[in-house]
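Where a number appears in this text, it was derived from the coordinates with a stated rule and is not lab data. Computed from a prediction, not measured in an experiment: that's the story for all the values here. Using ideal geometry, Cβ is built from the backbone for each residue, glycine included, and neighbour counts are taken over all protein chains shown.
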Amino acid sequence: MTDTEFAADLFAALHDIGWDGVGISRETYGPGEDAAFDLVRHTAEAIGLAIETDAAGNMICTLPGTDPTLPAAACGSHVDSVPQGGNFDGAAGVVAGLLALRRLAGTAHRRAVKLLVLRGEESAWFGRPYLGSSAMLGVLSEADLASTHLRSGQTLADRLTARGMQIGPLRRHERLLDPASLTCFLELHIEQGPVLVARGLPVAIVTGIRGNIRHRGIVCIGQAGHSGAVPRWLRHDAVFAVAELIGRIDEHWRSM
């Protein structure tokens with residue numbers, strides 16, 4: 001099977017797993033992400049990779065090197081998606097990693113090469129991004145574990161427990177992977193914005209990425225007033241307050 005056929009088959013299978021009639025919805029720690037992990041696991045096993053799963057459910061697929069004392073080279077990404085997202089978001093980096101390891105299998109190389117398949121990197125489902133990688137580095141907080149699912153209201157901790165994950169090491173902030181065990185990490189990722197298209201660039205190297213801070217519940221409270229008795233200059237209208245707030249946020253965004 002050629003590399004193109006190998007990748008096309010994987011993307012087609014991932015599409016079938018995640019298609020919801022409009023887009024791709026592979027829910028964080030949900031059935032779609034579970035099924036995608038099973039697909040990656042079976043593919044990695046067929047290549048002959050050693051497979052481990054950590055306490056948060058992240059999967060590490062390893063192609064050993066000839067010198068186990070050297071830090072490994074790593075690549076990877078995630079397979080969960082936002083609701084009605086794209087089939088290549090995250091998955092492209094995982095499929096590319098599988099392709100690279102498939103090519104390297106059977107060759108002599110000193111460093112081990114690892115594919116990290118991360119869980120829960122999208123923020124849409126629990127309001128917090130980078131769940132798998134945060135757990136891997138021991139920085140998942142109690143507040144993160146108490147965050148609730150977009151639709152069901154189930155906490156992240158309950159969702160993890162229901163899937164057989166080990167909450168203890170996460171609560172103790174244990175590192176599930178020692179950063180010193182890796183010499184590098186490369187993530188190929190699909191560009192889902194217009195920047196590369198607008199600039200006529202087929203590929204780019206990212207040197208930084210925006211942060212992600214969310215306030216999930218913001219309330220602007222106004223004051224009721226009779227339409228005939230309260231003039232504009234004495235009103236405290238919540239809708240106008242929200243409009244002004246959004247305008248000022250946009251001004252700060254532009255200046256930053």
Against the longest principal axis of the chain, how steep is helix 91-104, in degrees 0 to 90 to the nearest 10, with axes from Cα atoms? 10
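Hey, got a sec? Which chymotrypsin sites (Phe, Trp or Tyr not before Pro) in region 1-48 land in a DSSP loop and have at most 14 other Cβ atoms within 10 Å? Can you show the working numbers first?
Values: sites: Phe6, Phe11, Trp19, Tyr29, Phe37; in loops: Tyr29.
Nothing satisfies the criteria.
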Quote to one decimal, in nm, the extra length available between Ile221 and Asp16 on full extension: 0.36 nm per residue of separation minus the C-alpha distance between them. 69.3 nm
Gaussian network model of the chain, springs between alpha carbon atoms under 10 Å - residue of Ala162, Ala96, Ala55 with greatest fluctuation: Ala162
quick note, the chain, DSSP beta bridge pairs, % antiparallel (nearest 5) is 55
Of all DSSP beta bridges in region 47-116, antiparallel share, percent nearest 5: 65
Spatial separation of Cα centroids for region 23-102 and region 160-177, in angstrom: 19
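Given +1 on the Cβ of Lys and Arg, -1 on the Cβ of Asp and Glu, and no further charges, what dipole in debye does the chain carry about its Cα centre, rounded to the nearest 20? Walk me through the numbers on the way to the answer.
Details: 23 positive and 28 negative charges, 142 e Å.
Dipole of the chain, to the nearest 20 debye: 680 debye.
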Kindly express, to the nearest 10 degrees and within the range 0 to 90, the angle between helix 238-255's C-alpha long axis and the longest C-alpha principal axis of the chain. 50
Where a ≥ b ≥ c are root eigenvalues of the Cα gyration tensor, a/c under 1.5 meaning rounded, otherwise prolate if a/b exceeds b/c and oblate otherwise, the chain counts as prolate
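Taking a ≥ b ≥ c as the square roots of the eigenvalues of the Cα gyration tensor of region 151-256, is the shape rounded (a/c under 1.5), prolate (a/b larger than b/c) or oblate? Please report the intermediate quantities before stating the final value.
Numbers: a/c = 3.31, a/b = 1.55, b/c = 2.13.
The shape class here is oblate.
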Helix 3-18: inclination vs the chain longest Cα principal axis, degrees, rounded to 10, gives 40
For region 159-202, rounded, prolate or oblate, judged on the Cα gyration tensor with a ≥ b ≥ c (square roots of eigenvalues), a/c < 1.5 rounded, else prolate if a/b > b/c? oblate
Residue among Val230, Leu145, Gly48 farthest towards the positive dipole end of the chain, charges placed on Cβ: Val230
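Using the Cα centre as the reference, give the magnitude of the dipole from point charges on the C-beta atoms of region 42-151 (Lys, Arg: +1; Asp, Glu: -1; all else neutral), rounded to the nearest 20 debye.
Values: 8 positive and 10 negative charges, 74 e Å.
So the magnitude is around 360 debye.
For every other residue with a beta carbon closer than 15 angstrom to the beta carbon of Met1, add +1 if it is Lys or Arg and -1 if Asp or Glu, then tell me the sum.
On the way: positive: Arg102, Arg103; negative: Asp3, Glu5, Asp9.
So the surrounding residues net to -1.
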Find which of Ser81, Ala8, Gly247 sits farthest along the positive direction of the dipole of the chain, computed with +1 on the beta-carbon of Lys and Arg, -1 on that of Asp and Glu, about the Cα centre. Gly247
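May I ask you to derive the relative contact order of region 1-127, considering only C-alpha pairs under 8 Å and at least 6 residues apart, and to give it as an integer percent? Provide the component values of the computation, followed by the final result.
Values: 222 pairs, mean separation 42.2, N = 127.
The normalised contact order for region 1-127 reaches 33 percent.
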